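The values are calculated or read from the model by the stated rules, or taken from the named source; none is laboratory data. What you are looking at is a predicted structure, and each value in this text was computed from that prediction instead of being measured. Cβ atoms come from the backbone with ideal geometry, glycine included; neighbour counts cover every protein chain shown.
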Amino acid sequence: MNILASWVFTTDHKRIGLLYLFGSLAAFALAGIAALVIRIQQYDPGISFVTGQTYYNVLYFHGAAMILAFLIPGLTGFFGNYFIPLMIGARDVAFPRLNAFAVHLFLAGIVLALISMVVPDAPDMLWTGYPPYSIRTTANTAFYVFTVHLFSVSSILSGINLIVTVIMMRAPNVGWNQLNMTVWCILGALLMNLIDSPVLAAALTMLLTDKYIGTHFYDATQGGDAVLYQNLFWFYSHPAVYVIFLPAMGILFDVIATMAKNRIFNSCLSG
């Protein structure tokens, strides 16, 4: 019990990084099972492995788990929290308790996405939530919005923490020119995520008010525009590709440079 409590209430950056890793791998495994269900259903035009409603629910969970719970947190969350303080000579991150809060929001988002598979009115609008369907459907749009909000707030808090850590907590002999490619790439990914995630959260909040309060941000019949949601959604989703790509490339560059015993061009400079 003491061991479990030490992990639950930890503020150590290494343990929090491992929690991101365990959570993202669990999400990946569950998303893989969902993908198998999708492929079995699509194997033959006449097959009925699951009902139509269950199929839509599985599609939603697969997309949310792969993008929001595996790819982004697995790279920026695990590699950022575990390795960045070690690479810059810091004892820990700038805000350890905020870091712990962020990882718990992330894990809560995974649990909430998983619960969506068993609730009676589970989300059925994929992970994109495009209106007008997401507004007119009888499914639980609020459940979808709250799940994505958890992931968004978690990534914002974690991004702020790691950015401040790199800026303020580098060892005295570690200047900007001494940062390796992994740190630079994760830092760039975090900056993009910090700009884009609030836009996604705002778009979903407007979606929520459209369905449950009666606003008309995305209702064309009342002067709104459904394309506005698409623009806001892809303001986040297109840079999300690079949020995933940059950390992976930084790690790959450093691994190859280390194994080749050579410097990466324009990195590891003196000064």
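Note on segment 108-146: among residues that are under 30 Å from Arg15 (Cα atoms) and assigned to a loop (DSSP other than H, G, I, E, B), the one that is farthest from the chain's Cα centre (by Cα) is Met117.
Do any helices (runs of 4 or more DSSP H) lying entirely in segment 12-93 carry at least 2 residues that are within 28 Å of Pro123 (Cα to Cα) and in contact (Cβ under 8 Å) with a residue 60 or more places away in the chain, and which ones are they?
Output list reads 13-42, 52-64.
Just one residue in the set Gly52, Gly89 is out of contact with any helix residue (DSSP H, G or I) (no Cβ under 6 Å at 6 or more places or on another chain), surrounded by fewer than 16 Cβ atoms within 10 Å (Cβ to Cβ) and under 28 Å from Gly32 (Cβ atoms); that residue is Gly52.
Across segment 109-122, what is the total count of residues that are in contact with a Ser or Thr (Cβ under 8 Å, 6 or more places away or on another chain) and modelled with pLDDT of 85 or more?
Qualifying residue count, segment 109-122: 3.
Could you please give the count of residues in segment 195-217 that are over 21 Å from Leu68 (Cβ atoms) and touching a Pro at 6+ places or on another chain (Cβ under 8 Å)?
1
All conditions in (1) modelled with pLDDT of 90 or more; (2) of a type outside the set (Ser, Thr, Tyr); (3) surrounded by fewer than 15 Cβ atoms within 10 Å (Cβ to Cβ) hold for Ala35, with the sole exception of (3). Against the test of being of a type in the set (A, V, I, L, M), under 14 Å from the mean Cα position of the chain (by Cα) and surrounded by fewer than 17 Cβ atoms within 10 Å (Cβ to Cβ), the options Leu25, Leu68, Leu105 yield a single qualifying residue, Leu25. With respect to the conditions (1) assigned to a helix (DSSP H, G or I); (2) in contact with a helix residue (DSSP H, G or I) (Cβ under 8 Å, 6 or more places away or on another chain); (3) surrounded by 15 or more Cβ atoms within 10 Å (Cβ to Cβ), Thr205 lacks only one, and its number is (3).
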